[in-house]
Structures are given as structure tokens and as C-alpha cells.
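In what follows, a structure is listed as C-alpha cells, so that the remarks can point back to it.
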Amino acid sequence: MVLPMNTIPSTLGPHVACIMDGNGRWAKRRGLPRTEGHTAGEENLAEVVRIAASRGVAHLTVFGFSTENWVRPKAEVRHILSLHKRLFGRIEELNANNVRINWIGRPFDEPGARTPAFVQRAIRQAIADTASNTGMVLTVAFDYGSRAELLRAAQLIIAESNGDAIISPATMQSHLYSPELPDVDVLIRTSGESRISNFLLWQIANAKIYFTERSWPDLGATEIDAALALINK
Ligand code: FPP
């Protein structure tokens with residue numbers, strides 16, 4: 001049987017995704033601890049949100065913390081987690097930019113999920129406090145891995161069926177963590193790495209990819225505009 005492709009409603013602006021790499025190297029070059037690089041990374045994310053919103057981006061999806069990142073030194077993990085709390089606490093700024101917060105990652109109550117309670121609370125609060133905004137959607141991937149997302153989608157489809165599971169593009173899409181997220185138009189990866197790192201494998205099927213040598217804390221309007229310009233090339 002041939003099934004139709006998914007029918008996610010199209011959005012007005014593009015969907016930009018970012019792998020925010022190079023915070024550690026940014027700090028090292030300055031003789032600073034890696035944690036300072038992450039702090040600068042969070043601050044730059046706030047700036048990138050403003051730039052993207054001003055360019056009419058409909059969806060900005062960022063890789064905040066992966067299922068693989070838990071093996072990093074404890075103090076670094078703690079610091080990155082606290083930065084998520086800081087980001088999700090930027091409610092005034094998010095509201096001023098009409099930005100709605102969304103989150104993707106292993107659902108808090110599922111086996112294997114690792115999001116600590118204080119980050120769960122920050123995520124829930126930010127989603128609630130920005131729910132009525134109508135502009136750009138900022139989706140933060142936290143405790144996220146794309147293979148886990150895809151395996152879960154397939155497992156859910158099978159579990160919900162009576163032995164007649166239909167695994168199609170449409171049913172896969174509707175079982176993703178955030179089914180309403182449209183396909184990515186352009187994926188940006190900073191810091192000279194040219195890997196996908198298990199990020200949004202389903203959603204980037206047709207995306208352009210913009211690799212830049214710049215570290216995440218230095219990414220600015222010039223690169224964002226260059227990435228956006230790739231979309232219709
Ligand atoms: C990669 O830099 C970045 C991360 C592991 C996580 C991204 C986190 C931030 C940008 C901080 C704040 C973000 C949010 C969403 C609050 P790296 O440590 O791998 O850098 P390196 O490759 O130079 O070592």
C-alpha cells in the first residue's frame with residue numbers, strides 16, 4: 001500500500017536547526033575553563049534567538065544536551081544544566097520577542113530518561129509562560145537523541161496496533177516527540193565539525209547544511225543570513 005507523505009501544516013517562515021558546537025574550544029583559546037565557554041554559548045543563544053526572530057524564522061531548534069552528553073565530567077554537566085535553567089528563565093525576553101518555548105527529548109517518565117527535576121520544572125514553566133506567544137517557536141532538545149526518538153516512534157506504533165501496525169512517513173511523524181515540528185530547512189553546525197551527531201535525523205531529510213568554522217559563542221547575524229540564503233539555492 002502506498003501511503004501519503006506526512007501533512008504537517010506548513011509554516012510561514014523557515015525552520016532553522018543548530019548544533020551549537022565549540023564552546024569548549026572557544027574557552028580554551030581564551031585561557032578560560034570550559035564552563036565559561038558554555039556560559040558564553042547560552043548568552044549567544046539568547047542573541048541568536050533575537051536575530052532569528054527578527055529574520056522571520058518560524059522554528060529555531062537547538063541541540064542543548066544530548067543523550068550522549070551525560071558522560072561528560074559531573075561539574076560540566078551541572079553547569080550546562082544550570083544554563084538551561086537560565087535560558088528557560090528568560091521569560092521576559094522571550095515574551096518581548098513573541099517566542100514560544102518547546103522541548104524535545106526523552107519523555108520525563110520513560111525508562112532511561114535523565115532530565116533532573118529542576119530542569120523539568122524549568123521546561124514546564126517556560127512552556128506555560130510563553131504559550132500564548134505567536135511568533136517563532138524555540139525548541140530546545142534536552143536529553144535528546146534522534147535514534148531514541150525514531151525507535152520510540154516505531155515501538156509506539158507497534159504497541160498501539162493490534163498486529164496490523166502501519167509504519168509510514170505519516171505515522172512515524174505523528175509519533176515523534178514533537179509531531180508538529182516541520183521539516184528542517186537548514187541545519188547549522190558550528191566549530192568546523194561536519195557531523196550530524198544524532199540530531200533530528202528524520203526532520204533533516206531534505207535540509208540544507210551550513211557548516212562554519214566559527215565557534216558557537218561567536219556565531220552571529222552574518223552566518224545566520226548566509227545559512228538562510230542557502231535555503232532557496
Ligand atoms: C558543544 O560544545 C556544546 C554542548 C555540549 C552543549 C551546548 C550548550 C550550550 C550552547 C550552552 C547553553 C545552551 C542551552 C540550550 C542553555 P563543546 O563542549 O562540545 O565544545 P568543544 O567541542 O569545543 O569541546
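The values are calculated or read from the model by the stated rules, or taken from the named source; none is laboratory data. Since the model is a prediction, treat every value here as computed from it, not as a measurement. Note that each Cβ is placed from the backbone with ideal geometry, even for glycine, and that neighbours are counted across all protein chains shown. Note: areas computed on protein heavy atoms with side chains; ligands, DNA, RNA excluded. Shrake-Rupley method; radii C 1.70, N 1.55, O 1.52, S 1.80 Å.
Of everything in the stretch 197-216, what is under 28 Å from TYR177 (Cα atoms) and either within 13 Å of the ligand (Cβ to nearest atom) or touching a strand residue (DSSP E or B) at 6+ places or on another chain (Cβ under 6 Å) (or both)? Give them in sequence order.
Scanning the stretch 197-216 gives SER197, ASN198, PHE199, LEU200, ILE204, ALA207, LYS208, ILE209, TYR210, PHE211, TRP216.
For residues that are more than 6 Å from the ligand (Cβ to nearest atom) and touching a helix residue (DSSP H, G or I) at 6+ places or on another chain (Cβ under 9 Å), tally how many sit in the stretch 16-28.
Matching residues across the stretch 16-28 total 6.
Scan the stretch 65-89 and report the pairs whose first residue is touching a residue at least 60 places away in the same chain (Cβ under 8 Å) and whose second residue is near the ligand (Cβ under 7 Å from one of its atoms) and assigned to a helix (DSSP H, G or I), with Cβ atoms within less than 8 Å and a gap of 6+ or a chain change.
Between residues of the stretch 65-89 that are touching a residue at least 60 places away in the same chain (Cβ under 8 Å) and residues that are near the ligand (Cβ under 7 Å from one of its atoms) and assigned to a helix (DSSP H, G or I), the close pairs are PHE65/ILE80; PHE65/HIS84.
Do we have any residue at all in the stretch 189-204 that's more than 23 Å from THR39 (Cα to Cα) and crowded, with 22+ Cβ neighbours inside 10 Å?
Within the stretch 189-204, one or more residues are more than 23 Å from THR39 (Cα to Cα) and crowded, with 22+ Cβ neighbours inside 10 Å.
Just the residues that are of a type outside the set (Gly, Ala, Ser) and in contact with a Leu (Cβ under 8 Å, 6 or more places away or on another chain), please, taken from the stretch 108-128.
Answer for the stretch 108-128, where residues must be of a type outside the set (Gly, Ala, Ser) and in contact with a Leu (Cβ under 8 Å, 6 or more places away or on another chain): PRO116, PHE118, VAL119.
Just to be sure I understand the filter: pairs with C-beta atoms under 6 Å, separated by 6 or more residues or on different chains, first member in the stretch 116-128 and open to solvent by less than 70 Å² (accessible area, probe 1.4 Å), second member of a type in the set (Lys, Arg). Which pairs pass?
Here the result reads ALA122/LYS85, each pair linking the stretch 116-128 to a residue that is of a type in the set (Lys, Arg).
So, in the stretch 90-115, how many residues would count as being touching a residue at least 60 places away in the same chain (Cβ under 8 Å) and aliphatic (A, V, I, L, M)?
The qualifying residues number 1.
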